[in-house]
Each structure stands twice: as structure tokens, then as C-alpha cells.
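What follows is one structure encoded as C-alpha cells, with my remarks underneath.
The values are calculated or read from the model by the stated rules, or taken from the named source; none is laboratory data. From a predicted model like this one, the values you see are computed outputs, not experimental measurements. Note: ideal-geometry Cβ built from the backbone for every residue, glycine included; neighbour counts use all protein chains shown. Surface areas here come from the heavy atoms of the whole protein model, side chains and all, with no ligands, DNA or RNA. Shrake-Rupley method; radii C 1.70, N 1.55, O 1.52, S 1.80 Å.
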Amino acid sequence: MGISAVVSFYAGDIRKVFAQSGEANGGKVHLIWLPMAGDSGCTISMLQASNPDLIGAVEDLQVSADFWQPLMTPDYDLGWVSAGYTTEDRSQVPLMNAAFGNAPVDVLVVEGTPQIGAPPGGAPGDYCTIGERNGRPVNAYELLQKLAAKASYVVAVGQCSAFGGIPAARGNVTHAVPVTEALKTAGVATKNPVINLAGCPAHPDWTLVTLASVLQGFAPDLDELGRPKAFFSHIIHDGCPRRGAYGKGQFAQTFDDPVGCFWKLGCKGPITQSACSVTKWNGGIGFCTQSGPMCWGCMHPNFPDPPTSPFFTQVELVPAYLGLNVDTIAGVAGVGVAVALGAHAVRRAMKKRDETGTSKKTKGGSQ
Ligand code: SF4
């Protein structure tokens, strides 16, 4: 099956699951998108979703995105976001009500890295505050704890929240840590395992598939790092269009080489697990090594620290990854397998719903 056929096949499944979620939940699934240390790049990435697009998906789902700060503008009311106010004032009311009041939270999406260190004279987490409550800045780490304990599912979207990313790179004076570590440090237990969607940014279609799954009440199969297996079982190197050049020892000397392998220029595709080379990006058009630059390893758990850096230094011991030979892994987690897993994750959620006659709502613990 060609990738374009896979993409359109995929789109129908996702849209159908979203539609069923909307029916099952009566349009009352409450989502909070909590920003922490980051650049909102994953929200921007979500705006590029194509299978279906973000607006279509949320309309199908009838989700109530009670707080999603970058999309809440004073002039542009998206309808499904509690917009209409500036982010400096009334828009924070739904967030505070969800964290400190009785407003429900079904799915908590975290974008950005929790900073759990204490600045001089401050409390843990005071490096990052969001809005005010009772005349005082609200500590984002405290918001995370309140919301994560309340939500049925916590989804760490993007490298920062899943693995720390750039804010947690070496140096790290604010003690930025992954969501899982922040919650563990605070002693907060979640109702379901935190789902980690690695990537700088996170892939929008993978995020929609994951949200479709949890909104049906079923978590996707996760690996030992909390990542959906459907999207993180594949080595980028295996599906790279320059793989043939790698095999022939045909290595690029410059980044404008149209066919040569970028390994000697520092490509991290051989040590990075993700389905980038399977589903690709921008509606299945391409991905990093196909478009020109190398893979930077932005979905590797250590990014941007070694072994993904120094960026322009070739990875040594290329054939070995986690003790396995790259070529062996290729035989196990081929392109077809990874695509089938992705579609299967959605289909299984639909099948379970059909069997039970109703979807397990994600709202269970939102009181
Ligand atoms: Fe592609 Fe990089 Fe692997 Fe070369 S090293 S085949 S450019 S992923």
C-alpha cells in the first residue's frame, strides 16, 4: 500500500473515531492544554494537522478545549475554545476553575517542560507562573499537580514535556524535568500512565490519533518509555530514502547533496526511534532527511544532549542500537508493520466500543 493510500485510509479512521467520541461523550469532553517551559511549537504543529485537520477533528469530537492559551485571542473566537478574552485576564478563569475548583478535566495535555527548581527566595516551580489567583502569580508546577491528579488521561505532547527537551539540556539551572519525573517528585499519582509523544515538535497526526484513543477511553499500547508503540517502534534510518546510499557507502559532503547519506555530517536517524520516515509530515509529503537536512534526533529521549549532540558529529557505532543491530531491527519493525500498528490502534478503539455498545468515557475522575 503506498503512503498516500495509507494516509487517506488513516484519515477516515481518525475522523470516525472522533465522531464516535463526540456522540459517546455528548460533546462534553473537557480538555486542558497546559503550557509550561517551551515555545508553543507543538501547538503550531497541531495547526498543521491534515488527517483530519485540527478544526475538523475538534468539531467532530465536540471537545470543550477549556484552556489552550496560544489559540485564545481577543479577536478570534474559534467557538470550541473558551476564547474571546485576552490571555492576561478572563481566559485564565477556566484554567483556575479546573485546577482549584469543580470544573471537570478529562484530558490534560502538557506542552513544555515542568521546572521544579526553586529560584532564590522562591518555592519549587516558581520559575514558571501562569496568571494570577487571589492577587498572586500561580505556580505552573502546582497547576500541573492539581490537573494531573484530576484528569483521566495525561498526554505529554512534545519533547519538552515527554523527556525534558531543550529546557532540560545540560546546565538546567531551573531544574526542568519531564512530566513523569515532575509528578513523581511531587508524589502525584495519575489515573493512567502518562503518554509521552516525543518530538520537537510532536507530530500533529500522531497526537490526534492518541487523543482519539484516550477520548474513547482506551490508552494506546505504550513502550517502556511511555510512548505509543505505533509511532515509536521504528528506526528512522530504516525508512530513509537515503538508506540505499548509506548501504553503498555513498556519503554526502554537504547538505545540498540530493542523494548522499548524511551520516558523516552528523545524521541521528540511525539512533532515533520514530515513524517519521513512515507516516512522514505535512500530509505525508516528506520528512527531514527527505527534505534536505539530516535527522537531528529530536525524538531521541536524550535530545539535545549526547548522543544527539554534537549535532554535526557522526554517530559512532552506527550499526548498534540498544544492543541490537540496526539491520536486524529493520527486519522486525518494517514500514508495513509500523503503519499497520498505527491503523490498528485506532481500529481497536473502535472495535472495543462496538463490543461494549458504548465508549468508556474519559470523564470518570473529573469531579
Ligand atoms: Fe538517512 Fe541519516 Fe540513515 Fe543516512 S544516516 S540513511 S541520511 S537516516
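Below is a table of values for the structure above.
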read-out: Which numbered condition R170 fails, given (1) within 16 Å of the ligand (Cβ to nearest atom); (2) more than 23 Å from T279 (Cα to Cα); value: (1)
read-out: Conditions (1) open to solvent by 40 Å² or more (accessible area, probe 1.4 Å); (2) touching a helix residue (DSSP H, G or I) at 6+ places or on another chain (Cβ under 7 Å): number failed by L183; value: (1)
read-out: Members of the range 253-279 that are more than 10 Å from the ligand (Cβ to nearest atom) and touching a Gly at 6+ places or on another chain (Cβ under 8 Å); value: Q253, F255, D256, S274, A275, V278, T279
read-out: Condition broken by G297, with the remaining ones in (1) under 16 Å from the mean Cα position of the chain (by Cα); (2) in a helix (DSSP H, G or I) satisfied; value: (2)
read-out: Unique match (being among the basic types (K, R) and within 23 Å of N282 (Cβ to Cβ)) among K184, K264, K229, K268; value: K268
read-out: Which numbered condition A198 fails, given (1) in contact (Cβ under 8 Å) with a residue 40 or more places away in the chain; (2) more than 29 Å from I55 (Cα to Cα); value: (2)
read-out: Residue within the range 249-258 that is hydroxyl-bearing (S, T, Y) and assigned to a helix (DSSP H, G or I) present; value: no
read-out: Residue within the range 204-226 that is in contact with an Asp or Glu (Cβ under 8 Å, 6 or more places away or on another chain) and closer than 19 Å to C42 by Cα present; value: no
read-out: Counted residues, the range 247-281 - those being aliphatic (A, V, I, L, M), open to solvent by 20 Å² or more (accessible area, probe 1.4 Å) and under 17 Å from the mean Cα position of the chain (by Cα); value: 0
read-out: Qualifying residues in the range 224-241 (those that are among the charged types (D, E, K, R) and either more than 26 Å from V29 (Cβ to Cβ) or within 16 Å of the ligand (Cβ to nearest atom) (or both)) - the one surrounded by the fewest Cβ atoms within 10 Å (Cβ to Cβ); value: E224
read-out: L197 open to solvent by less than 40 Å² (accessible area, probe 1.4 Å) and in contact with a strand residue (DSSP E or B) (Cβ under 6 Å, 6 or more places away or on another chain); value: yes
read-out: Every residue from the range 269-295 that is free of Cβ contacts under 8 Å to residues at least 60 places away in the same chain and closer than 19 Å to R227 by Cα; value: G269, P270, I271, T272, Q273, S277
read-out: Residues (surrounded by fewer than 16 Cβ atoms within 10 Å (Cβ to Cβ) and part of a loop (DSSP other than H, G, I, E, B)) located in the range 100-142; value: G101, N102, A118, P119, P120, G121, G122, A123, N134, G135
read-out: Per-region count, the range 282-299, residues open to solvent by 70 Å² or more (accessible area, probe 1.4 Å) and either near the ligand (Cβ under 10 Å from one of its atoms) or under 21 Å from T254 (Cα atoms) (or both); value: 3
read-out: Conditions (1) more than 15 Å from the ligand (Cβ to nearest atom); (2) modelled with pLDDT under 55; number of the one not met by N302; value: (2)
read-out: The listed residue being hydrophobic (A, V, I, L, M, F, W, C) and closer than 30 Å to P124 by Cβ, out of A219, A212; value: A219
